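The values are calculated or read from the model by the stated rules, or taken from the named source; none is laboratory data. In this text the structure is predicted, and so the values were computed from the model without any measurement. We place every Cβ from the backbone using ideal geometry, glycine too, and count neighbours over all the protein chains shown. Areas reflect the complete protein model, heavy atoms only, side chains present, ligands, DNA and RNA absent. Shrake-Rupley method; radii C 1.70, N 1.55, O 1.52, S 1.80 Å.
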Amino acid sequence: MLTFPCAKINLGLNITSKRPDGYHNLETVFYPIPLTDALEIKHMDPDFPSDTPCDLKITGNAVDGDEQSNLVVRAYRLLAQDFELPRIHAHLVKRIPSQAGLGGGSADGAFMIRLLDERFRLNIGIAEMERYAARLGSDCAFFITAEPSFATGRGEILEPADGPKGNLHGYHIAVVKPPVAVSTAEAFAHVTCRQPAKSCRDIVRQPIDTWKDELVNDFEASVFQAHPVLAQIKRKLYDSGAVYAAMSGSGSALYGIYRHEPPTLTEAFPDCFTFGALL
């Protein structure tokens, strides 16, 4: 069985306070975009000599790392604590770049929960799947439904969100990620906590023309100072006609939203990962 974990962007991101558990409270609007990985699972033959019940193979982009620490395997192990799961082969093809603020790893883990639930008829239910996903990571719960959501808490408390005329349907998106790695821990260490004057959910419900002046990502100030090339990319997105542009999450990917198809991205941003699509 095959599924396609999708990426997300953040429409606004406000870090509101430091929590006693060491995490931060935040407010953001998660919005899914049609940049996807591919994830497939198959039954493992009883005679296959595997040391693990979830044998994961990763290909494509960002293939470095220990497969057994991947969120796909961790999702399998999490459900295996409560359900009798068969041994499986899993194949993950990475297309969403890592360390980009696009939620690729979180999506993989959440979509694995969805895939196991559907394939083996676990009948978990959306609310319970979201609770399982939240145990994997702060933004994993969003990917269980992958519907535009206003997120609070660590990112696991979700409410419906809508944008201009309900969503961004009909707009174009351009995603640009330079070869820059931004540590999430470092980004949080340098962010200034604050209560926004207006909730990002309220701003996103306004006409998109107002977003540039009001919709902010609190990580940009410190991350742009450490990596000026990211600020340059944001300016270039606006110069190329974007109605709104911002960094996603803690970076290092930036995106622009356009009313019409943007210029050729590979020519405008050489040596960067680029992705463009109609929303």
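Couple of notes before you dig in:
- Any hit, segment 181-193, residues being closer than 26 Å to Cys140 by Cβ, of a type in the set (Phe, Trp, Tyr), assigned to a strand (DSSP E or B) and open to solvent by 30 Å² or more (accessible area, probe 1.4 Å): no
- Screening Ser250 on (1) farther than 19 Å from Pro34 by Cβ; (2) free of Cβ contacts under 8 Å to residues at least 24 places away in the same chain shows it passes everything except condition (2).
- Inside segment 116-143, residues that are closer than 11 Å to Leu158 by Cα, of a type in the set (A, V, I, L, M) and buried (at least 22 other Cβ atoms within 10 Å of the Cβ) make up a count of 1.
- Options Ile203, Ile173; residue that is touching a strand residue (DSSP E or B) at 6+ places or on another chain (Cβ under 8 Å) and under 21 Å from Cys272 (Cα atoms): Ile173
- Just one of (1) small (Gly, Ala, Ser); (2) at pLDDT 95 or above; (3) over 12 Å from Ile173 (Cα atoms) fails for Gly256. It is (3).
- There is no residue in segment 47-57 that is closer than 30 Å to Ile203 by Cβ and not in a strand (DSSP E or B).
- Candidate set: segment 58-85, residues that are touching a Phe, Trp or Tyr at 6+ places or on another chain (Cβ under 9 Å) and either closer than 30 Å to Arg205 by Cβ or assigned to a helix (DSSP H, G or I) (or both); chosen: the one most open to solvent (accessible area, probe 1.4 Å): Leu78
- Residue match in segment 17-26 (condition: in contact (Cβ under 8 Å) with a residue 60 or more places away in the chain, aromatic (Phe, Trp, Tyr) and in a strand (DSSP E or B)): no
- Residues within segment 216-232 that are out of contact with any Lys or Arg (no Cβ under 9 Å at 6 or more places or on another chain) and either under 21 Å from His260 (Cα atoms) or surrounded by 20 or more Cβ atoms within 10 Å (Cβ to Cβ) (or both), tallied: 4
- Members of segment 258-275 found to be out of contact with any His (no Cβ under 7 Å at 6 or more places or on another chain) and not in a helix (DSSP H, G or I), listed by number: Arg259, Pro263, Thr264, Phe269, Pro270, Asp271, Cys272, Phe273, Thr274, Phe275
- Just one of (1) touching a residue at least 12 places away in the same chain (Cβ under 8 Å); (2) open to solvent by 10 Å² or more (accessible area, probe 1.4 Å); (3) hydrophobic (A, V, I, L, M, F, W, C) fails for Ala151. It is (2).
- Qualifying residue in segment 237-247 (condition: among the aromatic types (Phe, Trp, Tyr), part of a strand (DSSP E or B) and open to solvent by less than 70 Å² (accessible area, probe 1.4 Å)): yes
- Here Leu56, Leu115, Leu102 are screened, and the one residue that is within 30 Å of Ala246 (Cα to Cα), hydrophobic (A, V, I, L, M, F, W, C) and in contact with a strand residue (DSSP E or B) (Cβ under 6 Å, 6 or more places away or on another chain) is Leu102.
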